[in-house]
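The values are calculated or read from the model by the stated rules, or taken from the named source; none is laboratory data. The shown structure was predicted, so the numbers you read here are calculated from the model rather than taken from an experiment. Here Cβ is always computed from backbone atoms with ideal geometry, including for glycine, and neighbour counts include all displayed protein chains.
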Amino acid sequence: MKHKLVIANWKMNGDFSSNFSLLKSIVAFADKPQNTQIAVCPPFVYLSQVYDLLESSPIALGAQNVGFAEKGAYTGETSASMLQEFACQYVLVGHSERRTLFKESDEHIAEKIKLAVAHNQTPVLCIGETLEERASNETQTVILSQIKTIIDKVGSEVFKSVVIAYEPIWAIGTGQTATAEQAQQIHALIRAYLRSLEPILFDEMTILYGGSVNENNADELFAQNDIDGFLVGGASLKAASFEKICFAGQAVLETA
Ligand SMILES: O=C[C@H](O)COP(=O)(O)O
């Protein structure tokens, strides 16, 4: 049965007032899309507000990042145990903005995954190639090596609790979405690779697509066999767009 996961990554956007209106709209439709889990990842300072507003709704709370250590002298960081107190179910790790702007290393990403899993959160590991890598036909090598590097560090037992988000870097925030065929090709590659490692562990792996997903392309993307949902940035800040993305592929999901 195909299930769908749609995660809103608000990035560094929002304020008390706009969060309230946006969540009011999302809560109003959230129980309607069949077989669909919706999650919202607000900036850390709004976790408390969003936690309260999501109470008694089916929407899961997520975090955009997590510290790579259990606790201690790490100014500005937020630990997995702190996120657990807000019942965060999802944690984004290795987003390209964090890898590029904040020089996040594979070692740190691996530690974050281990801590998140230890605190009952599902890490959402973001991977993706640059435009230059795609142009030089390195996409497959880059993607598989990003996954392998992390599996080697955390082990396959921990990795089975991970959700993967394929986000071609050239498609993030650019309005230039990967075509459904381009996305499906990489999702199928990822799934085949994981199955080749350990079919029992990775048969049901959830693989999301991210990168300029909007109300116009979500249906076609979700119709692809190996696309299980979306990690949505810009369009998740607009209630009407986000609603259409959450309803994408409903005909398939209702008959599943
Ligand atoms: O986390 C979300 C992704 O970076 C995609 O962002 P976007 O939908 O604004 O392109």
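Laid out as a table, the results:
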item: Subset of region 137-185 that is buried (at least 21 other Cβ atoms within 10 Å of the Cβ) and not hydrophobic (A, V, I, L, M, F, W, C) - its residue that is farthest from the ligand (Cβ to nearest atom); result: GLN146
item: Answer residue from region 224-256, given it is modelled with pLDDT of 95 or more and of a type in the set (A, V, I, L, M) and is surrounded by the fewest Cβ atoms within 10 Å (Cβ to Cβ) among those; result: ALA240
item: Test result for SER105, without any contact (Cβ under 8 Å) to a residue 60 or more places away in the chain and surrounded by fewer than 15 Cβ atoms within 10 Å (Cβ to Cβ); result: yes
item: Pair list, Cβ < 7 Å and 6+ apart or interchain, from region 117-131 residues that are closer than 16 Å to THR149 by Cα and of a type in the set (Gly, Ala, Ser) to residues that are surrounded by 18 or more Cβ atoms within 10 Å (Cβ to Cβ) and modelled with pLDDT of 95 or more; result: GLY128/SER96; GLY128/TYR166; GLY128/GLU167; GLY128/PRO168; GLY128/ILE169
item: Of all residues making up region 30-54, the number that are farther than 19 Å from THR122 by Cα, in contact with a Phe, Trp or Tyr (Cβ under 8 Å, 6 or more places away or on another chain) and surrounded by 13 or more Cβ atoms within 10 Å (Cβ to Cβ); result: 4
item: Test set (1) over 25 Å from ASP152 (Cβ atoms); (2) touching a helix residue (DSSP H, G or I) at 6+ places or on another chain (Cβ under 8 Å) - GLU104 fails condition number; result: (1)
item: Residue match in region 174-182 (condition: in contact with an Asp or Glu (Cβ under 8 Å, 6 or more places away or on another chain) and within 23 Å of GLN34 (Cβ to Cβ)); result: yes
item: Options SER57, SER96; residue that is surrounded by fewer than 18 Cβ atoms within 10 Å (Cβ to Cβ), within 20 Å of ASN9 (Cβ to Cβ) and either of a type in the set (Gly, Ala, Ser) or at pLDDT below 95 (or both); result: SER57
item: Meets criteria (in a loop (DSSP other than H, G, I, E, B), among the aliphatic types (A, V, I, L, M) and away from the ligand (no atom under 13 Å from the Cβ)) for ILE227; result: yes
item: Hey, GLN146 farther than 24 Å from GLU107 by Cα, polar (S, T, N, Q) and either in contact (Cβ under 8 Å) with a residue 60 or more places away in the chain or assigned to a helix (DSSP H, G or I) (or both) or not; result: no
item: Which listed residue is assigned to a loop (DSSP other than H, G, I, E, B) and either among the hydroxyl-bearing types (Ser, Thr, Tyr) or under 26 Å from TRP170 (Cβ atoms) (or both), from GLU104, GLU70, GLU77; result: GLU104
